[in-house]
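Heads up, the thing below is written out as structure tokens.
FYI, it's all coordinate maths here, none of it is from the lab. Keep in mind it's a predicted model, so treat the numbers as computed, not measured. Glycine gets a Cβ as well: all are built from the backbone with ideal geometry, and neighbour counts include every protein chain shown.
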């Protein structure tokens, strides 16, 4: 108990506060969208539990079973393909004890952990190990892409590239990935599903089909713009409240947030995300080992890529891909995964490097050996 | 147990974070990306904010037109002649339809199945419409269709059933020519009507009183500003401006007399195997039209629900011209019914006196041409009254020759000939009063001295018996005979007795308008009227019809058998009868016209007698009205 007190004191409260604030704003926005805010609150509570558990768990204990975690992730994704439930033309959900579970959300965190474990073993990255990382990432990415879930695949790619970068990949290795991307882009239209290709076209020319596929993008843009500087006020957004913005609790939640809270509220939201991201990166900077550093770095990439893509598509800067806005969008799997990931980052923070000043203890029994072990 | 208060935490200080180059790069990327999003956000929300906010408003706030009920048309006693019956139309808000093409196609297919409109037509109508407005598709629904679609509406986003008032004419054929019908605005009129505040899909009066009183019947549409959600459902109403129903019009028509007139005319036509005719009954004291019938008529209800092309083609290509309101727009030579004008002119101009005796030979020669009387034997000398009673042509050739064409034309115009009556419906034709000046203007030949341009004495004398190029209409004739009845006042005929607003408040009570006084002395007019009285009292001829019908021959009448289609002896004729009663103080005047009729005293007069019989039997009821309260 003593140990716990002293350890929890190191908790990065800025990060916790930022996550809590986002969760509250998320529930408010989901309420305004007419979605099930009570259920989202439950997901947040469950996520808070996962956050605490992940923080309490010594992240280093995830290192040995990394291979098993990887195997579990691939099995889960395979399971989706075999027994998953379909909705909106994609097979993404597994039914677990009556609850729909979206393994692709959970797999983001599992990918971070497993790649961090692999990359964290050695400080440098040989071409052989580089190839091994790519080979590790390929099967789950392929399984997700074929669900089809372009959005999560993009996040996967971001995590992979981000972790390679932070994990010490050589400039030549990074350049080769860039080259591969350049080569792939012309082939993309042939690989993409019809609706994905259409989304790309619409992104390039949104008004080409205002009532068809461009509808979402256009209505989201209108909603964001209608927010103006101060916003229409909570629960007073025309676009959001009257249902003109589609998917308004999930993919386009930012649009209806921006309509209600305006530029002021939007910048505030981005500032909180900025705070959160910087605190996560700082966790990487204080991590006691490369595994911890890469876990924090991976979570940073995971959250960062989703924020940028989601906000970007809401305001028409990026093509539409079904990516939730972390902690704001409605959804159990995504919310709980994000909070668990942030909790894991806290686990890194809690076990950060410390300089122990050996002092005479006033305590009659001296140092609690458990405390010391935990700190080093 | 350890006392926590006495325990001092292990002093441990965190070292400075180790910010590697790559971590700094990642942080920079994050800050750069978030800053880029912020810039774009500022652009959207501040620079483009107002225009996008307007788009958001346009998405959800719509002005809905609240249709004003069209005014009801009653007869003079307050019997409704037309109703606004409810009809249902499918309306589609394109914006609220499904977004994805397959779902939208499926909805259009379902809508096509329910309404019977082809998918292509539906798609075209939806594509060309205002995406946020409701567009009416297809014809009015039958009750079965309405029920079937109402059941399906909840599962068809953007589709609704709108209720409209549709004109239902209770006497669609008999009163069709008087009341007319409403229809969509013609494309050529669209811009003009839009300027007057009409909606593009609004119905307006096309003919008859519906058209003539459009501005009174129309009412004022209201509006409501409503907020709708993405499914097109009204969430709340911001403001409402209630519609004002159109004014109620009480016609001068007496429905029972109208029906009696129509059946008398129809029976008369049928008896003589004739197809077309018209009759106008007026009150010679006020100019009120008590009955107006034109046969053949047509079912005006065909038009209100959207007439089919086949039905319309049938009406427009019918050689009997059922769409022509002969009472106001059929122009025919008046024949002998015009002789009262010639008589008046001769008397008033001093060319004859009531006692002047002129011969009535079987023919006379003017300008080298022979002009016949209807009788092939000499009827002897007679005064003007007897000449009218016997309808002696040769007598009036002489009077016309003495009066001259220009003066005779002046008297004709004084009686209202040659002028379109100012009555509450469009399409009134003026007829034609010819004279030498008219002939010069109308001949369209370069040489004004050619035969076709030169007015001859023959033109004058035939003008005197209502031929030449003289044309009149049954309404014109009714106004003319009313003037003879009431002592020379040419009245403006009217179909409107009263106008009230929807709550029954009196807005307008028709006043008698005297257009002109015929310049005739009382004694001269009395001589003319005496001729008309004698005509219907001559034994064995006209009087027979009155006696056989049990109607007192108390009044003045004149038959006319007008030749048409050129000049010559053996031409087809129209039959006329004009009549007023009672003789001393007339309260009814009428004209009866039978197209291609034979002898007027055989074909037209009995119809007038039948109408008069009904009038006599129902005089008090007919002359009463809704009253001034």
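Against the longest alpha carbon principal axis of chain B, how many degrees, from 0 to 90 and to the nearest 10, is the axis of helix B:474-486 turned? Relative to chain B, helix B:474-486 is tipped by roughly 60 degrees. Taking only the C-alpha atoms of the range B:235-304, Rg followed by Dmax gives 19.8, 67 Å.
Here the simple spin-label model places points 7 Å from the Cα toward Cβ, and for residue A:83 and residue B:523 these points are separated by 12.5 nm. When only alpha carbons of the range A:8-127 are considered, Rg and Dmax amount to 17.6, 52 Å. Ranked for footprinting exposure by Cβ neighbours inside 10 Å, fewest first, A:74, B:445 give B:445, A:74. Normalised Debye scattering of chain B at q = 0.08, 0.10, 0.12 Å⁻¹ gives log10 I(q)/I(0) of -0.70, -0.92, -1.16, counting only Cα atoms as equal scatterers and leaving out solvent.
Can you tell me the orientation of helix B:605-617 relative to chain B, as the angle in degrees between its alpha-carbon axis and the longest Cα principal axis, to the nearest 10? Tilt relative to chain B: about 70 degrees.
Under the classification rounded if a/c is under 1.5, otherwise prolate if a/b is larger than b/c and oblate if not, where does the range A:254-300 fall, given a ≥ b ≥ c as square roots of the Cα gyration tensor eigenvalues?
Prolate.
Per-residue shielding of A:303-312, expressed as the average number of other chain Cβ atoms within 10 Å of the residue Cβ, stands at 3. Averaged over the residues of peptide B:48-54, the number of Cβ atoms from other protein chains lying within 10 Å of each residue's Cβ is 6. Only DSSP H runs of four or more residues enter the estimate; each adds -39500 (n - 2.57), and after division by the residues of chain B the mean residue ellipticity at 222 nm equals -10500 deg cm²/dmol. Taking the DSSP bridge list for chain B and keeping only pairs wholly inside it, about 95 percent are antiparallel. Treating each Cα of the range B:311-380 as one equal point scatterer and applying the Debye formula with no solvent, the log10 of I(q)/I(0) at q = 0.13, 0.14, 0.20, 0.22 Å⁻¹ comes out as -0.66, -0.71, -1.00, -1.11. For chain B, the longest principal axis of the alpha carbon atoms and the long axis of helix B:49-60 meet at an angle near 60°.
Averaging Cα coordinates gives a centre for the range A:90-112 and one for the range A:282-321; these two points are 20 Å apart.
Remark: mean inter-chain Cβ contacts per residue of A:280-287 equal 5, using a 10 Å Cβ-Cβ cutoff to other protein chain atoms. Taking a ≥ b ≥ c as the square roots of the Cα gyration tensor eigenvalues, with a/c under 1.5 meaning rounded and otherwise prolate when a/b beats b/c, else oblate, which class fits the range B:391-436? It is prolate, given that a/c is not under 1.5 and a/b is the larger ratio. Rg then Dmax, both in Å and based on the Cα atoms of the protein assembly as shown: 48.1, 163.
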